[in-house]
Amino acid sequence: MIKAAMGGGGKGIRMVSCREEVADKYDLVRGEIPTGGIMIMRCVTRARHFEVQILADKYNNVVALSTRDCSLQRRQQKMVEEGPVVHTSHERVLEMQDCAARLCAEVGYVSAGTVEFLYDIETDEYYFLEVNTRLQVEHPVTELLSGVNLPSAMIQVALGKSLNEIPDVAAFLADPERYRFKDRHVMACRITAEAADDGFRPTSGIVERVKLYEDQISYEELNEDVFLYYFSIAADGKNKAAITQYSDSQFGHIFVVGSDRRDAVRRMVEVLRNVEVVGEIKCSVDYIREVMRTSEFENDTYHTNWLLSPTEG
């Protein structure tokens, strides 16, 4: 892989399959990300994308709050995030968490951040990808697992508080296993204005209506603790809700909590069934719902390149 150090969101990264492609792929990466270094990395074709959410204070205290699995991707961009990681052993997960915490402590990192790993399905080995030095949009997955309000914790860290002085972080640290909500799994779906049947081509246009019919969701115990979402669409020059060609394709995010992964998948499928998007844009909702109903997704046997496979679905 040729990857720009300053890249992200699927930009500044290309796979190279032979020596003859190196120069052209390098030029493509540099064209997308003009500044910063460029790295050459091993390509793992059957991989999972795992993340460790960390929080560090100014006194070199670092805690790994939980893990996320962000392996369902298109164009090297996430479609679904979930947590905790259940694809590999608990011992492997603890190793990754320890590595992430030690790395951040060694460099004196302060605030919230995400340490990302590439996990090789075939060898059970994992490799360091990068540290995202910001709060990612999928951070509610970790909040729903750990009970830690991450934006609030970041502010308190910036004000000079230690981790033990932040009440919800202290409650997390007081658990000897450091995993407050053991009997739950969180599933998150990004809602994007993309044409899934046309290579996930971004679309733009007027949005007439976006609605989630909560009253029609059939599963029981629907409340804020197991279900949250947002939609965000700006107005165009004519004061109409629209997604423009300059907008990020993501305009919504849905988070669901289940008693385990299978229950979380079932709940998310039901929620997505009740999302309505009307307008000139194409939307990913129906596609994600159908993907979640496949045996590969239900059984957690997919990998980051799975959606590129001609046998998908």
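The values are calculated or read from the model by the stated rules, or taken from the named source; none is laboratory data. Since we're looking at a predicted model, the values are computed, not measured. As a convention, Cβ positions derive from the backbone with ideal geometry for all residues, glycine included, and neighbour counts pool all protein chains shown.
Which condition from (1) among the charged types (D, E, K, R); (2) over 30 Å from residue 160 (Cα atoms); (3) touching a residue at least 40 places away in the same chain (Cβ under 8 Å) is the one that residue 124 breaks?
Failed condition: (3).
Conditions tested, residue by residue: (1) hydrophobic (A, V, I, L, M, F, W, C); (2) under 17 Å from residue 129 (Cα atoms).
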| site | (1), (2) |
| --- | --- |
| 42 | no, yes |
| 56 | yes, no |
| 62 | yes, no |
| 88 | no, no |
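Which residue is farthest from the chain's Cα centre (by Cα), if the candidates are limited to the range 194-211 and must be among the β-branched types (Val, Ile, Thr) and in a strand (DSSP E or B)?
For the range 194-211, the residue satisfying everything is 206.
May I ask you to list the residues in the range 202-215 that are over 15 Å from residue 231 (Cα atoms) and in contact (Cβ under 8 Å) with a residue 60 or more places away in the chain?
203, 204, 205
Could you please give the count of residues in the range 159-179 that are assigned to a loop (DSSP other than H, G, I, E, B) and under 18 Å from residue 59 (Cα atoms)?
5
For residues that are outside any helix (DSSP H, G or I), surrounded by 22 or more Cβ atoms within 10 Å (Cβ to Cβ) and not acidic (Asp, Glu), tally how many sit in the range 81-101.
Summing the residues that are outside any helix (DSSP H, G or I), surrounded by 22 or more Cβ atoms within 10 Å (Cβ to Cβ) and not acidic (Asp, Glu) in the range 81-101 gives 3.
Considering only the range 262-302, state which residues are of a type in the set (Ser, Thr, Tyr), under 19 Å from the mean Cα position of the chain (by Cα) and part of a loop (DSSP other than H, G, I, E, B). First the steps, then the outcome.
Looking only at the range 262-302, we keep the residues that are of a type in the set (Ser, Thr, Tyr), and these are 284, 287, 294-295, 301-302.
Then drop every residue that is not under 19 Å from the mean Cα position of the chain (by Cα), which leaves 284, 287, 301-302.
Within the range 262-302, 284, 301, 302 qualify.
Considering each of 255, 297, 251 in turn, give the residue that is in contact with a Pro (Cβ under 9 Å, 6 or more places away or on another chain), touching a residue at least 40 places away in the same chain (Cβ under 8 Å) and not basic (Lys, Arg).
Only one candidate passes the filter, namely 255.
Between 261, 201, which is over 30 Å from residue 58 (Cα atoms), out of contact with any helix residue (DSSP H, G or I) (no Cβ under 7 Å at 6 or more places or on another chain) and at pLDDT 95 or above?
261
Collect the residues in the range 93-119 that are within 30 Å of residue 267 (Cβ to Cβ) and either touching a strand residue (DSSP E or B) at 6+ places or on another chain (Cβ under 7 Å) or assigned by TED's automatic domain parsing to the domain that holds residue 7 (or both), keeping them in residue-number order.
Scanning the range 93-119 gives 93, 96, 97, 100, 112, 113, 114, 115, 116, 117, 118, 119.
The rows are residues; the columns are (1) of a type in the set (A, V, I, L, M); (2) modelled with pLDDT of 95 or more; (3) over 25 Å from residue 261 (Cα atoms).
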position	(1), (2), (3)
73	no, no, no
90	no, no, no
95	no, yes, no
100	yes, yes, no
106	no, yes, yes
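Hey, does the range 179-196 have a residue that's surrounded by 13 or more Cβ atoms within 10 Å (Cβ to Cβ), touching a Ser or Thr at 6+ places or on another chain (Cβ under 9 Å) and farther than 27 Å from residue 275 by Cβ?
Looking through the range 179-196, at least one residue is surrounded by 13 or more Cβ atoms within 10 Å (Cβ to Cβ), touching a Ser or Thr at 6+ places or on another chain (Cβ under 9 Å) and farther than 27 Å from residue 275 by Cβ.
Are any residues in the range 231-264 among the β-branched types (Val, Ile, Thr) and closer than 22 Å to residue 136 by Cα, and if so, which ones?
Within the range 231-264, 233, 243, 254, 256, 257 meet the criteria.
Of everything in the range 102-120, what is β-branched (Val, Ile, Thr), assigned to a loop (DSSP other than H, G, I, E, B) and within 12 Å of residue 55 (Cβ to Cβ)? Give them in sequence order.
Our first condition is that a residue be β-branched (Val, Ile, Thr); within the range 102-120, this holds for 107, 110, 114-115.
This time we only want the ones that are assigned to a loop (DSSP other than H, G, I, E, B), so: 107, 110.
Selection gives 110 alone.
Mind listing just one residue for me: the one in the range 28-51 that is part of a helix (DSSP H, G or I) and aliphatic (A, V, I, L, M) and, of those, farthest from residue 94 (Cα to Cα)?
The qualifying residue farthest from residue 94 (Cα to Cα) is 28.
Restricting attention to the range 6-27, and to residues there that are without any contact (Cβ under 8 Å) to a residue 24 or more places away in the chain and part of a loop (DSSP other than H, G, I, E, B), which single residue is surrounded by the most Cβ atoms within 10 Å (Cβ to Cβ)?
Among them, the one singled out is 17.
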